[in-house]
Structure formats: C-alpha cells, structure tokens
1. Since Thr236 meets every condition but one in (1) among the β-branched types (Val, Ile, Thr); (2) modelled with pLDDT of 90 or more; (3) surrounded by fewer than 24 Cβ atoms within 10 Å (Cβ to Cβ), which condition does it not meet?
2. Among all residue pairs at least 6 apart or on different chains, which show Cβ distances below 9 Å where the first residue, located in segment 284-305, is hydroxyl-bearing (Ser, Thr, Tyr) and the second is in a helix (DSSP H, G or I)?
3. From Thr261, Thr298, Thr277, grab the single residue that is over 19 Å from Arg242 (Cβ atoms), more than 14 Å from the chain's Cα centre (by Cα) and not charged (D, E, K, R).
4. For segment 74-94, does any single residue satisfy the condition of being under 19 Å from the mean Cα position of the chain (by Cα) and surrounded by fewer than 17 Cβ atoms within 10 Å (Cβ to Cβ)?
5. Any residue at all in segment 171-180 that's on the phi < 0 side of the Ramachandran plot, surrounded by 23 or more Cβ atoms within 10 Å (Cβ to Cβ), at pLDDT 95 or above and touching a strand residue (DSSP E or B) at 6+ places or on another chain (Cβ under 8 Å)?
6. Mind checking whether some residue in segment 113-129 is in a loop (DSSP other than H, G, I, E, B), small (Gly, Ala, Ser) and at pLDDT below 95?
7. Would you pick out the residues in segment 272-303 that are among the β-branched types (Val, Ile, Thr) and outside any helix (DSSP H, G or I)?
8. Tell me, which residue of segment 252-305 that is modelled with pLDDT of 95 or more and among the acidic types (Asp, Glu) is nearest to Gln161 (Cα to Cα)?
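The values are calculated or read from the model by the stated rules, or taken from the named source; none is laboratory data. Note that the structure is a prediction, hence the values are computed from the model and not measured. Here the Cβ positions follow ideal geometry from the backbone for every residue, glycine too, while neighbour counts run over all protein chains shown.
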Amino acid sequence: MIKKPLLCALLSATLISCDHNDESDISDSRTIQAKYTLPAVVHVIHDGEPIGEGFNLSKERIASQIVSLNHDFRRVAGTLGDNDHPDGANALIEFELARIGPDGKPTDGINRIDHNDVDIISDTDDTPFDWLPQYSYWDPDNYINIWLLPGAQDLLLGSAQLPHTDLPGLEKELKTAGDGIFINTLHFGESDLDSRSNRGRTLTHEMGHFLGLLHLWGETEGGDDCTEHDDYCDDTPPMTKRTGKCVQGTMMACNGQHALTQNYMDYIPDVCMNMFTNDQVSRMHYVLENAERRRSLTTSTVIDR
C-alpha cells in the first residue's frame, strides 16, 4: 500500500455513449419545467487556504458553475449554452446543490476538506475513483459526488464514471470504490485563467459522461477506420478523433457531413461548446430512467422538489 500525495493526484484516468425523444425538442425557455432535477455535492479538496483563496474556491464561484451547467443543459437563450443548430436540444435536466446532508441536517451542498488532514492509502493500480472516497463520499444514490482536485493548468481537466445500463457502450459494471466526477480545481467555473478551458465547460463535458454519453469518436480515438468509432447517437456525424478547434462548417466527419465542432462531447475550447443533440439527450434520459445510481437521483429528497 502507498500514500498518494494530493498534488500528485491528477494522474491518468478514463474520460468517458440513442433513442429519439420528442420531449427534447421543447422550446429553449427555462420557464419549461425540467424533466429531471438532480442533486449534487461539491467536495472542495484544498491545501488549508481560507475560503475563497487558492484551491479553496468561494461559494460564489461554485454556485456560478452550477448556474452555467444548467444554462448548458437547458440551452438557455442569451447564454453560452444557446445555439441555433437544428439538432440542438434542451436536455430538460437541471442540477442543484444539495440542501440536506447525509446526517439529515441542512447543508449548502459544499463540503470542504483540507488534504493535510487526510492520509490517502491506495494500491498502485487504483484509479482516482478508488481513493477519492477516502476524502469524502456521500451516498451516490442520493448525490452526484463532484470532487475538486488541485492540479496543474490544462493537465487532466477532469474525469467521470460512466453508468451501467443495457445501452451500447455502457455494458461494463462499476468496479471502483467510488462513483462520481472529479474536476481539476483550476478549471471549475469561470475564471481569468489563460486557457482554452476557463468557462466551466469541463463540468458540462464530464456530466455528459456521467449521464451516459461517449466522446463523438466513441470509446477510442485515432485511426482511419470509421466503423471502429461510434458514440451510438445517430445525429452526431461519425468521427475518428477530436476536432480541437472552433472551426464550424469546414471540418468534415466520416460520412461527409460537417463535424459537430460545437458539441460538448468533443475536445474544443470552452467558448465554442454550446450543444447536446436530440439523440444525446434521449440517451441521457434513458440512463436516468434505467441505470442504477442514476435513476435514484431523480427522486432524491435532499433538494426541494
């Protein structure tokens, strides 16, 4: 067994897939009631700084990240999550910070942990989701666990656990000790960081994975054989690799269509991301209705409904 220092924590991790649902085509307006509202807890792992300094992010920045996450999933007009693409969809999914903690007492949904107070024990072949729960872990049937980990800028922005269902690409059962999402603290929420990833879209991307979406190129990237790459969504043109740039209308997908360079499940600068497709939304809805540890989130009583 070894102790794993916090600032060396951001090691390699898996970043990780569509029935059409007419409800995805509903108007963009957030006055339309969300079909699903999901509770989250943000575990802020810091280096002993006062709240609002360094890695101990302020409550305002955390709350602002949740607002922008909702803008993205709800395709809210006038925000970064707005788009006019014919396949763009309002996901009808919203997120709230938990109001009731595991002890039954009120909470603001933010759990702060000084890493100096915790000794992390891990086998050398463990993934982050095997040892992250040692910092803190709230019941995954009732909360989306989001861990903020200090890390280097633009190095391993985040990772998420895929759900387990009978959908293609999601057949593997959860094998790790923990289930949730981790985000490099520097890339959580909007900031003045000189980076392509400074508008909080890392969480949008990873939440897509958490709800069952794969990258546009499927489970593996690279090569020239398009038949080996599939995200199992018919309205996302097949790709073999990331687009990487904010170039809309010029990059072509495998089938001769224009690549969806603004899709949240690509690797592109935050300012360019602004869409989930109808099939991606239908896939997330299927997961929320059928996947263990996702279905229970829709009825969790730790938020007001």
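1. Against the list (1) among the β-branched types (Val, Ile, Thr); (2) modelled with pLDDT of 90 or more; (3) surrounded by fewer than 24 Cβ atoms within 10 Å (Cβ to Cβ), Thr236 comes up short only on (3).
2. Thr298/Leu288; Thr298/Glu289
3. Numbers: Thr261 fails: over 19 Å from Arg242 (Cβ atoms); Thr277 fails: over 19 Å from Arg242 (Cβ atoms).
It is Thr298.
4. Our first condition is that a residue be under 19 Å from the mean Cα position of the chain (by Cα); within segment 74-94, this holds for 74-76, 79-82, 88-94.
In the following step, the residues that additionally are surrounded by fewer than 17 Cβ atoms within 10 Å (Cβ to Cβ) were identified as 79, 82.
Yes, the conditions are met somewhere in segment 74-94.
5. Within segment 171-180 (the criterion being on the phi < 0 side of the Ramachandran plot, surrounded by 23 or more Cβ atoms within 10 Å (Cβ to Cβ), at pLDDT 95 or above and touching a strand residue (DSSP E or B) at 6+ places or on another chain (Cβ under 8 Å)), the answer is yes, since at least one residue qualifies.
6. No, segment 113-129 contains no residue that is in a loop (DSSP other than H, G, I, E, B), small (Gly, Ala, Ser) and at pLDDT below 95.
7. Applying the first criterion (among the β-branched types (Val, Ile, Thr)) to segment 272-303 yields 277, 281, 287, 298-299, 301-303.
Result: Thr277, Thr301, Val302, Ile303.
8. Here the residue is Glu289.
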